[in-house]
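This report concerns only the one structure given below.
The values are calculated or read from the model by the stated rules, or taken from the named source; none is laboratory data. Remember, predicted model here, so these are calculated numbers, not experimental data. Here the Cβ positions follow ideal geometry from the backbone for every residue, glycine too, while neighbour counts run over all protein chains shown. We work out accessible area using only protein heavy atoms, side chains counted, and drop any ligands, DNA or RNA first. Shrake-Rupley method; radii C 1.70, N 1.55, O 1.52, S 1.80 Å.
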Amino acid sequence: MAIYAIGDVQGCYDDLLRLLDTIQFDPATDTLWMAGDLVNRGPKSLEVLRFVKSLGEQAVTVLGNHDLHLVAAHASGIVHKKDTFRPVLEAPDADELIDWLRRQPLFHTNGEFCLLHAGLPPQWDLEKAQAMAALAEQALRSDDYRLFLQEMYGNQPDLWSDDLEGVPRLRFIVNCFTRMRFLDADGRLDFTHDGRPGSQPSHLMPWFTAPNRKNADLRIVFGHWSQVGYYEGHNCYGIDTGCLWGGQLTALRLGDPVESIGIACPGYRRPGKAYSDAAGII
């Protein structure tokens, strides 16, 4: 019996199956933790969604920015040129798949490890992270979820305050769990830089290196940041190793010690051509 956390798949279905063969995943006994961004930019988002959904309780999936973008596209009917959502949106089971996707969590923990897509602000401890995730999940699972999706995009507010309410609070929560990379010493989120650590201006730092981080005692597994590659430090494990861009798809066997297993991927997008989310477009 094993738990394997898997980095961003982004529609790379064939690579996912190869990785599962490599780790000899047994759905009868093993569990997959998917770090978000199941879909988009790769060629087979529909197949990935159907497969992960079919695993039932043997798969835990946290929502990533591309997953939420798919939910928003389904709700609005607007699909951008760079998105590869149309096979999902035109599938006969599209409504069922989107309904399943929007009911997935933003944060998951088994008491030993925590799983999320992007990051946590330094002001949040475990209790706050769970409470904030639950708040946003409630909005996404409600009958009025389309109203929130209309307000979801944007970079403000960029600093946590307990005084935040309504849509601003929800937007900040979603941005943390699905988009954040760099922040400043005050914990202010930055969405203008998305390169590898060390490429940012001197006043910024990766979220997991923030001093006095209240969640520093948590063992956090995250994806989202392919330019970091595989990362292990500060009690955090980054597992987006750029499958979409010709890097690897990584599985992290959660235990003591953890073990990373990666497979080489052919790449469906040219490195260096990644989209920017600087304008709040996720």
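Summary of values
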| read-out | value |
| --- | --- |
| Failed item in (1) charged (D, E, K, R); (2) surrounded by fewer than 20 Cβ atoms within 10 Å (Cβ to Cβ); (3) in contact with a strand residue (DSSP E or B) (Cβ under 9 Å, 6 or more places away or on another chain); (4) within 17 Å of Ile263 (Cα to Cα), with Asp14 passing the rest | (3) |
| Complete set of residues in region 155-171 that are closer than 19 Å to Ala139 by Cα, in a loop (DSSP other than H, G, I, E, B) and open to solvent by 40 Å² or more (accessible area, probe 1.4 Å) | Gln156, Asp162, Asp163, Glu165 |
| Residue pairs meeting the criteria (Cβ under 7 Å; at least 6 apart or on separate chains; first outside any loop (DSSP other than H, G, I, E, B), in region 98-112; second of a type in the set (Asp, Glu) and open to solvent by less than 40 Å² (accessible area, probe 1.4 Å)) | Leu101/Asp67 |
| Failed item, numbered, when Ala131 is tested on (1) part of a helix (DSSP H, G or I); (2) free of Cβ contacts under 8 Å to residues at least 60 places away in the same chain; (3) more than 19 Å from Thr61 (Cα to Cα) | (3) |
| Condition check for Leu19: hydrophobic (A, V, I, L, M, F, W, C), within 16 Å of Cys265 (Cβ to Cβ) and touching a Ser or Thr at 6+ places or on another chain (Cβ under 9 Å) | yes |
| Residue identified as open to solvent by 20 Å² or more (accessible area, probe 1.4 Å), touching a residue at least 12 places away in the same chain (Cβ under 8 Å), out of contact with any helix residue (DSSP H, G or I) (no Cβ under 8 Å at 6 or more places or on another chain) and not acidic (Asp, Glu) among Leu115, Leu55, Leu89 | Leu55 |
| Residue in region 168-187 that is among the polar types (S, T, N, Q), within 24 Å of Ser226 (Cα to Cα) and in contact with a Gly (Cβ under 6 Å, 6 or more places away or on another chain) present | yes |
| Tally of residues being buried (at least 17 other Cβ atoms within 10 Å of the Cβ) and in contact with a Leu (Cβ under 8 Å, 6 or more places away or on another chain) across region 21-34 | 3 |
| Close pairs from region 248-259: first touching a residue at least 40 places away in the same chain (Cβ under 8 Å), partner of a type in the set (A, V, I, L, M, F, W, C) and open to solvent by 20 Å² or more (accessible area, probe 1.4 Å), Cβ under 6 Å, at least 6 apart | Ala251/Ile261; Leu252/Val258; Leu254/Ile3 |
